[in-house]
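Okay, so here's the structure we're looking at.
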């Protein structure tokens, strides 16, 4: 049986948010969600995975504007992005949320907001634009990493999970990073089937790097969440394909 996650590096393990649940929450808080095309909402049905990231932010004189990119991995291998605008209309006021299909609509909506063009000298606006840059593949965090590895392997239910040799290596882990992986999708199975793939990257005390690939899914007879762990991404994705095929 899958053991609840102990880290806040990704969504709450007690109740992992599915792509459908994430979409519902996004649309529920957006003031203009009724304007989204039915075709767009229909394409998002049955999405396999999702990811959200801050795209830009502007804070000045008590007003703020942030934009977020929400991307879903669809069953046909394509990706679909919705853009969220979060802002307040009065200094210190409650945030309001809007959602748009493309970046042009987002920019037009942001341009109409009453952000002062020239704030007072003592108030420096924060302008942040996140764009693709070359960064290290992993940013490790020292946080009981050896224990995290032990618990990850313990909750894995697949018979071909990494064995004692891998466990011994990971006992020397001094830092780790968890990231959600996108890429080649698995075939969709029954309605409501949920798959998530995570890379757990570990930095060992001798400088060596090891990654384990975790598949979290609901392709079980009773629909419960199950955890499987593999040594390679290919092995993990093949397992996702097999599980999806079994319930198709």
Look at the range 27-40 and say how many of its residues are touching a helix residue (DSSP H, G or I) at 6+ places or on another chain (Cβ under 8 Å) and either assigned to a strand (DSSP E or B) or under 23 Å from residue 180 (Cα atoms) (or both).
1
Condition first: at pLDDT 85 or above, in a strand (DSSP E or B), under 27 Å from residue 195 (Cα atoms) and in contact with a strand residue (DSSP E or B) (Cβ under 7 Å, 6 or more places away or on another chain). Can you find one or more residues in the range 46-63 that meet it?
no
Tell me whether the range 31-43 contains one or more residues that are crowded, with 19+ Cβ neighbours inside 10 Å and either in contact with a strand residue (DSSP E or B) (Cβ under 9 Å, 6 or more places away or on another chain) or without any contact (Cβ under 8 Å) to a residue 24 or more places away in the chain (or both).
no
With the condition being at pLDDT 80 or above and either more than 26 Å from residue 51 (Cα to Cα) or in contact with a helix residue (DSSP H, G or I) (Cβ under 8 Å, 6 or more places away or on another chain) (or both), I'd like the strands (runs of 3 or more DSSP E) fully within the range 115-225 carrying at least 2 qualifying residues.
173-180, 195-204, 209-217
Taking the range 11-30 and keeping residues crowded, with 16+ Cβ neighbours inside 10 Å and modelled with pLDDT under 50 leaves 11, 13
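The values are calculated or read from the model by the stated rules, or taken from the named source; none is laboratory data. Since this is a predicted model, take the numbers as computed values, not measurements. Here the Cβ is made from the backbone with ideal geometry for all residues, glycine too, and neighbour counts use every protein chain on show.
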